[in-house]
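Notes to accompany the following structure.
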Amino acid sequence: MNFDHILNNLHVKCSAEKDTGKIANYIPELKKVNANKFGIYLDTLSTEQVGIGDCNEKFSIQSISKVFTLTLALKIIGDKIWKRVGVEPSGDPFNSLVQLELEKGIPRNPFINSGALVIADLLVSKLKNPKEDTLNFIRKISNNQNIYSNESIAASEKKYGFKNAAHINLMKSFGNIKNSVDEVLDYYYQMCAIEMSCKELASSFQLFANGGVLPYNNEEILTPSYTKRINATMQLCGLYDEAGNFAFKVGLPGKSGVGGGIVAVCPHKYAIAIWSPKLNKKGNSVKALKVLEEFTTQTELSIF
Ligand code: GLU
């Protein structure tokens, strides 16, 4: 299969199409990004790689970090985490408060903001230096020491994160947050503000394509069973309230972020990351969705 040819054609085609999306503007620092950035990186387990456009430029990974924190929590705490967060799609926007009140402070899944805040709380309880320990974990699975969090983005989010403050306080009132609200929010924002390139994301997500084993040194980070759970959670909950449409059109486990990135995984075959900052109304990158839909259609490499 000529991946290089397929992806280059898709990059040219999508670059030429009118993009009706809008950059996320509810976090002031995120507005500073150049809206026309567009990168694609494919990393196959058979060591073939294809990088196009702005694939080496770092961007704010935002909610994609929720996959890394879930992975670390499952690895060090195990199945006990599911007592405090569910695995069902929410069908509501990522920052909706409605279900959380009705369901007594137990978030539907770890990829909506409230769920990621519970995972953050669990990790703050377990880790000595939550931010550094998590960054080191991500550096390890990416085989790359050059991964950092952007302090001005984290600060900007904290200043304007009224909804997240509402979520965490509501959960605290139900007893589902054990640490101080401030400490957990700080850690959560540091994770959202991590910056990685498409290349770095595709490389780190190979772990989920490779049954939980790091392809570069064969170390098992997750059991096959936990890897299956993370991929299943991405499939059902990874694209906000557009996860059904993503399964329908793309057919891969994936995770998006409001920085405009989407990473998707084809088990036993590849991981692919795309970045283009303009988002549709559901908060997902318009171009990234288009590339993924066409890529799995043309290659017939989806899980279905
Ligand atoms: N930091 C963002 C927030 O908490 C993450 C949103 C996202 O990428 O889904 O609202």
**Request:** Jot down the per residue volume, in cubic angstrom and as a whole number, of the convex hull over the alpha-carbon atoms of the chain.
**Result:** 112
**Message:** Ranking request for peptides 35-44, 247-256: highest mean number of other beta-carbon atoms within 10 Å first, then the rest in descending order.
**Reply:** 247-256, 35-44
**Prompt:** Taking the alpha-carbon centroid of each part, what is the distance from segment 136-188 to segment 14-69 in angstrom?
**Reply:** 21
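How much net charge surrounds residue 251 when only the other residues with a Cβ under 13 Å from the Cβ of residue 251 are counted, with Lys and Arg +1 and Asp and Glu -1?
-1
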**Test item: Cα-centred dipole of the chain, Lys/Arg +1 and Asp/Glu -1 on Cβ, debye** = 500
**Theoretical ellipticity at 222 nm over the chain - DSSP helices of four or more residues, -39500 (n - 2.57) apiece, nearest 500** = -13500 deg cm²/dmol
**Spread of Cα-to-Cα distances over 10 Å intervals beginning at zero, given as percent, for segment 133-282** = 10, 33, 38, 18, 1
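Quick check: residue separation of residue 48 and residue 2 times 0.36 nm, minus the Cα distance between them. What number comes out in nm?
15.5 nm
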**Message:** Defining a contact as two alpha carbons under 8 Å apart and six or more residues distant in sequence, what relative contact order in percent does segment 167-238 show?
**Reply:** 15
**Item:** Inter-label distance for residue 88 and residue 76, nm, one decimal - labels placed 7 Å from Cα along Cα-to-Cβ
**Value:** 3.1
**Item:** Zone residues, segment 1-26, relative to residue 300, backbone N less than 15 Å from point 7 Å out along Cα-to-Cβ
**Value:** 1-2
**Item:** Helix 3-16 axis, angle to the chain major axis (alpha carbon atoms, nearest 10°)
**Value:** 80
**Asked** Which FRET efficiency, nearest 0.05, do residue 103 and residue 232 yield, Cβ-Cβ r, R0 22 Å?
**Response** 0.60
**Request:** Work out how much length residue 219 to residue 34 would gain on full extension: take 0.36 nm times their residue separation and subtract the Cα-Cα distance, in nm to one decimal.
**Result:** 62.8 nm
**Asked** In the chain, which Cys residues have no partner Cys with a Cβ closer than 4.7 Å?
**Response** 14, 192, 237, 266
**Complete:** In whole angstrom, largest first, the equivalent ellipsoid semi-axes that the Cα gyration tensor gives for segment 49-199 are 26, 16, 15
**Prompt:** Given H placed 1.01 Å from N in the peptide plane, which residues other than close sequence neighbours of residue 24 have an amide H under 5 Å from its amide H?
**Reply:** 279
**Prompt:** Suppose R0 equals 35 Å; then what is the FRET efficiency for residue 160 and residue 248 from their Cβ-Cβ distance, rounded to the nearest 0.05?
**Reply:** 0.55
**Item:** Global geometry of segment 16-67, whether rounded, prolate or oblate, following the gyration tensor of its Cα atoms and the 1.5 cut on a/c
**Value:** oblate
**Prompt:** What list of ³J(HN,Hα) values in whole Hz, one per residue of segment 189-204 in order, does the Karplus curve 6.51 cos²θ - 1.76 cosθ + 1.60 (θ = phi - 60°) give from phi, with Gly and Pro shown as x?
**Reply:** 5, 4, 5, 4, 8, 5, 10, 9, 8, 4, 4, 5, 5, 4, 5, 5
**Prompt:** Local charge sum around residue 197 (other residues, Cβ-Cβ under 9 Å, Lys/Arg +1, Asp/Glu -1)?
**Reply:** -2
**Prompt:** Which Cα, out of 109, 96, 266, lies furthest along the positive dipole direction of the chain (beta carbon charges, K/R +1, D/E -1)?
**Reply:** 96
**With Cα atoms, 0 to 90° folded angle of helix 65-76 axis to the chain main axis** = 60
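Values in this text are rule-based calculations from the coordinates and carry no lab data. Please read these numbers as outputs of a predicted model, since none were measured by experiment. Cβ sites come from the backbone with ideal geometry, for glycine too, and all protein chains shown count toward neighbours.
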